[in-house]
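Asker: First, the structure itself, so that you have it in front of you.
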């Protein structure tokens, strides 16, 4: 990590030349104004082909121990970055077989050549495909979100940051009665801290009833601006998500044993929504 490497990575992240069409960038699926998601039910690649899942938020990915909806063995941002760049089935950015052409294109840009030489000082061939990946991963590690109302209340001692309703919703969220925090745990309210057996050090993949297969438990941070929800974006609102967890008869696949029907009163539901809203931050843009 270095300031120069991060600055280079940010530039590459928003550069549409990093796609086979020259019209698509990492930011096409990961928009800063949406907490680095894209607002689509399913992400779309450079050729217009729909991808199997929605675009996961990149906020606080520095805290993840693995990446993606389905692959627990992708354990670094550098390894993850190779997938959107090189995937063929489906195509995301579509650079498979075009790596050398991209390096040549960036090398011809004097400002890029200087930026690579500064970021990767001492390397004979600083402009390389591997260094493109390293720079973007460095930038992604700086996308930190930690100034939500919840953070100000818990970490800064600002007791006025949360409304009384949100405080009651937080108590519900962390209670055994709802079980929300059994899956959405840790600093990120995600599944990076323990698996369904309660063992530490492994990512959590759970069966939510929306898939035949277990999917990563995503972060709830910035949940107010990352609709639609679930791995396939089937729910347009948080109300619809809570409806799903309240009624298991709607399930299309098996539910994880940790999940239980969400039975709360209308007032408690509003309090839970108030707490979830408190997890949204303006920090990582």
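The values are calculated or read from the model by the stated rules, or taken from the named source; none is laboratory data. On a predicted model such as this, the values are computed, not experimentally measured, just so you know. We place every Cβ from the backbone using ideal geometry, glycine too, and count neighbours over all the protein chains shown.
Asker: For the range 178-201, which residues satisfy the criterion of being at pLDDT 70 or above, part of a loop (DSSP other than H, G, I, E, B) and in contact with a strand residue (DSSP E or B) (Cβ under 8 Å, 6 or more places away or on another chain)? Write out each step before concluding.
Answerer: Taking the range 178-201 first, the residues at pLDDT 70 or above are 178-191.
Checking the rest, the ones that are also part of a loop (DSSP other than H, G, I, E, B) come to 178-179, 184, 186-189, 191.
Residues satisfying the conditions are 184, 191.
Asker: Of all residues in the range 53-99, which are without any contact (Cβ under 8 Å) to a residue 40 or more places away in the chain and touching a strand residue (DSSP E or B) at 6+ places or on another chain (Cβ under 6 Å)?
Answerer: 55, 96
Asker: Another question about this same structure. Name the one entry in 179, 191, 94, 186 that is on the phi > 0 side of the Ramachandran plot and surrounded by 21 or more Cβ atoms within 10 Å (Cβ to Cβ). Let's see the steps before the verdict.
Answerer: Working: 179 fails: surrounded by 21 or more Cβ atoms within 10 Å (Cβ to Cβ); 191 fails: on the phi > 0 side of the Ramachandran plot; 186 fails: surrounded by 21 or more Cβ atoms within 10 Å (Cβ to Cβ).
After applying the criteria, what remains is 94.
Asker: Please list, ordered by first then second residue, the pairs with beta carbon atoms under 6 Å, 6 or more apart or interchain, first in the range 251-268 and in the same structural domain as residue 165 (by TED's automatic domain parsing), second assigned to a loop (DSSP other than H, G, I, E, B) and exposed (fewer than 10 other Cβ atoms within 10 Å of the Cβ).
Answerer: Short answer, once both residue conditions are applied: 253/212.
Asker: Okay, moving on. Scan the range 256-265 and give yes if some residue there is closer than 15 Å to residue 223 by Cβ and surrounded by 14 or more Cβ atoms within 10 Å (Cβ to Cβ), otherwise no. Step through it out loud before you land on a result.
Answerer: Of the residues in the range 256-265, the ones closer than 15 Å to residue 223 by Cβ are none.
No: zero hits.
Asker: Name the residue that is surrounded by the fewest Cβ atoms within 10 Å (Cβ to Cβ), counting only residues in the range 149-160 that are free of Cβ contacts under 8 Å to residues at least 60 places away in the same chain and outside any loop (DSSP other than H, G, I, E, B).
Answerer: Taking the range 149-160 as the starting set, the residues that turn out to be free of Cβ contacts under 8 Å to residues at least 60 places away in the same chain are 152, 154-160.
So of that shortlist, the ones also outside any loop (DSSP other than H, G, I, E, B) come out as 152, 154.
Values: 152: 18, 154: 14.
Result: 154.
Asker: Something else: Hey, among the residues in the range 120-148 that are more than 18 Å from the chain's Cα centre (by Cα), without any contact (Cβ under 8 Å) to a residue 60 or more places away in the chain and assigned to a helix (DSSP H, G or I), which one's surrounded by the most Cβ atoms within 10 Å (Cβ to Cβ)?
Answerer: Taking the range 120-148 and keeping what is more than 18 Å from the chain's Cα centre (by Cα), we get 120-132, 134-135.
Now narrow it down to the ones that are without any contact (Cβ under 8 Å) to a residue 60 or more places away in the chain: 121-131.
The next check asks that each one be assigned to a helix (DSSP H, G or I); those that pass are 129-131.
On the way: 129: 17, 130: 14, 131: 21.
Ranking the qualifying residues of the range 120-148, first place goes to 131.
Here is a yes/no grid of residues against (1) closer than 20 Å to residue 140 by Cβ; (2) exposed (fewer than 15 other Cβ atoms within 10 Å of the Cβ):
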site: 20; (1), (2): no, no
site: 54; (1), (2): yes, no
site: 58; (1), (2): yes, no
site: 65; (1), (2): yes, yes
site: 83; (1), (2): yes, yes
site: 86; (1), (2): yes, no
site: 89; (1), (2): no, yes
site: 100; (1), (2): no, yes
